[in-house]
Amino acid sequence: MRTVEERLVESIVRRTIDTAEARLRKYVFTPTGEKRPERKPLTDLKEEVELFLKIRENKLLVLYGLRGVGKTTMLAQMYFKLLPQIPRERLVYVSLDKLRPLGISLNDFVQAYERLLGERIEELSQPTFLFIDEAHYDENFGTTVKDLYDSASNLMIVVTGSSSLPLKLDPDLMRRAKKLRVPPLTFTEYLLLKNGIRIPGELSMALKRAFLNCDFSGIEEKLRGVLLKFTERDVEDYLIQGSLPIYLTSGNPLEDAYEILRKIVEVDLVREGLSETTREKVLGLLLLLASGESLAYDDLSSTLGLAKATVEKMIEKLEDLEVIFPVRAYGSLGKVARKTPKYKFLAPMLRSAVLYEFGLFERDSKTLGMLLEDAVALYLHLLAKEKKLGLHYDAQKGGADFILKGHTTGVVVEVGWGRKSVRQVVKTMKKTGLTCGVVVYNGPLKKKDDVWFVPRELLLMML
C-alpha cells in the first residue's frame, strides 16, 4: 500500500507531466503565437535525439553553459518537436529547482514516475525522454543519473545545468555521455533572434576560413549586400546587451543580466563551497575586472582585502561557471605562471551589466572597445576549442591583444573600436615568428604587408 508521501509525489509527477506543454510554450512561441527562431546548438541536440530514436540505445546528453544562455529554451524547443510523435507520458520535463523546495529528490521523482507509468525504468517498452533542467539543485542528481543510465532501457536523458555541471558527474559516466556546451550568442545569432536577419552560413564559413588562412581576398564579393541588412547601432546593441537571449523579452536587459550574476553569487557559488564572507566580495571583484584595468593577483588581493589564495579560488569558481575566462600570457611555462591572465567576460553584456549596476556605464569608445575585445575574445576562445589551438596575449609592453596559435600556424590579433596602427601586431608577429596579423577596427577591409585590417562587423559575422 502506498504511503501518503508516495501519493503526494505521484500527484506532483502527474501534474509536472500534464502541465509541461503549457509551462514550456513561452520559450518556443511569442505571445502572438509565432515560433521563435532556433539557436545553432539545437541542431546538435536534434541529431542526438534522432540517433536515439533510430538505434534505441540509452543515451545521456549533458547540456551545460553559463546561466542565461538559453538551455531551458533548447529543451522546450526539443520537447515541442517530439510532442507530435512521442506520447506525452513518455516525454518528461522536470526542473529540479522546483522540486527542491518541496523536499523531493530526483530519485523520488523517478520512482513515482515508474509507479504511474506501470513500468520499471529497466523495462521501458517505448522510447522515453527525461529532460532534467537545473540539475545542480539536487546534490545527489549525479548518482541518480548514473543509476538510470546504467540500468534503464529505451531511455534518453538530457541534463542541463551550470558550466561546472560536468565536473559534478561520475568521471566514467562523463566519458560515455555526450557533452554539448551552449555558448553566449554570436552576432549572427543575435541578428536572427532579434531582427529575423539571417546571415548566410556559407558567408560565415568563408569568413572563418579567411581569418584562419589570413587571406580575405575576394571576401567582399561574397557579401552581396549583407552589410546593408544591419546598422552600426545593431553592432553596438549586440556588444552592450545582445550576447544573452534575455534581451529578447526583457524591459531592461542589463538589470536582468546583473540578476543572473547575483543568482550565480547567491546560489551557484554556495554550491561551489565559497563562504558567505568570500561571496560578498565577488561582485566587487567583477567590478574591478569590468573596469578594464589589468590587475595582478596581488593588486586584487589588496583592493578586496582578501588573501591571494582566496582571490584565486574566487576566480577559479567564476571560470568554472563561465562568467569569465582566462587569456594567458604567451611564452614559457615559467613566464605564463608569473603573469596574471587577462580575464574576459564570456558574454560581453555581463561587463555592461556590472558597470551599469554601479553607475559606471557609458556608451563611449572606451566601453565599446572593451566590449568588442570581449566579443573577439569569445570568438577566438570558441575557435581555439574547435580547432585545438592555443589562445594567449602578448604580455610585453606594446604587444598585441591576442595570439591564436597552433603548431605550425597562427594569427596575431589587435582589437580597437576606432582606428588602429600595425605597430602592436607587427611587434608580436616578430616575437612569435608568425606571418599573419589581423587588426579588428572601424574602417574598410584592406591589407598592409602581412597585416589585414578587418572591419569589426566582418569579424563578428564569422561565427
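A few points about this structure:
- Spin-label model, Lys339 to Glu114: label points 7 Å out along the Cα-to-beta-carbon direction sit 5.6 nm apart.
- Computed 3J(HN,Hα) for the stretch 119-136, one whole-Hz value per residue from the Karplus formula 6.51 cos²θ - 1.76 cosθ + 1.60 where θ = phi - 60°, is 9, 7, 4, 5, 10, 4, 8, 9, x, 10, 10, 10, 9, 10, 9, 6, 4, 5, glycine and proline marked x.
- One chain, two ends: Thr19 and Phe358. Fully extended at 0.36 nm per residue, the span grows by 118.0 nm beyond their Cα-Cα distance.
- Relative packing of peptides 353-360, 123-130 - highest average C-beta neighbours within 10 Å first: 353-360, 123-130
- Note, ³J(HN,Hα) from phi for the stretch 224-233, Karplus 6.51, -1.76, 1.60, rounded to Hz, x at Gly and Pro: 6, x, 4, 5, 7, 7, 9, 10, 4, 4
- Relative contact order (%) - criterion: Cα under 8 Å, at least six apart; region: the chain: 13
- Lys, Arg +1 and Asp, Glu -1 on Cβ, resulting dipole of the stretch 1-110 about Cα centre, debye, nearest 20: 300
- Exposure ranking of Ser204, Ser421 by accessible area [1.4 Å probe, largest first]: Ser421, Ser204
- Fully extended contour minus Cα-Cα distance, from Lys366 to Asn213, at 0.36 nm per residue: 52.1 nm
- Extension gain, Ser11 back to Ser291 (0.36 nm per residue minus Cα-Cα distance, nm): 95.7 nm
- Legend: residue pairs Lys59/Lys178; Lys344/Lys427; Lys54/Lys146, Cα-Cα distance threshold 19 Å; pairs beyond threshold, Lys344/Lys427; Lys54/Lys146.
- Simple spin-label estimate for Thr43 and Asn107 gives 4.1 nm between the two label positions (7 Å along the Cα-to-Cβ direction from each Cα).
- Cα→Cβ-extended label distance, 7 Å offset, between Glu276 and Thr231, nm: 5.0
- Annotation: the antiparallel percentage among DSSP beta bridges lying fully within the chain is about 35.
- Rolling a 1.4 Å probe over the protein heavy atoms gives the stretch 175-275 an accessible area of 47 Å² per residue.
- Temperature 37 °C, viscosity 0.692 mPa s: under these conditions the Stokes-Einstein estimate for the chain, based on its Kirkwood radius over C-alpha pairs, is 137 µm² per second.
- Under 11 Å from the Ser204 label point (7 Å along Cα→beta-carbon), backbone N, the stretch 41-67: 41-43
- Leu223/Asn195 FRET efficiency (R0 22 Å; Cβ-Cβ; nearest 0.05): 0.80
- Unit charges on C-beta of K, R, D, E only; dipole of the chain, Debye: 1420
- Of the solvent-accessible surface of the chain, computed with a 1.4 Å probe over protein heavy atoms with every protein chain present, carbon and sulfur atoms account for 48 percent.
- Sorting Glu312, Glu319 by solvent-accessible area of protein heavy atoms yields Glu312, Glu319, largest first, with a 1.4 Å probe.
The values are calculated or read from the model by the stated rules, or taken from the named source; none is laboratory data. Remember, it's a predicted structure, so these values are computed and weren't measured experimentally. No Cβ is skipped: glycine too gets one built from the backbone with ideal geometry, and neighbour counts run over all protein chains shown. Areas reflect the complete protein model, heavy atoms only, side chains present, ligands, DNA and RNA absent. Shrake-Rupley method; radii C 1.70, N 1.55, O 1.52, S 1.80 Å.
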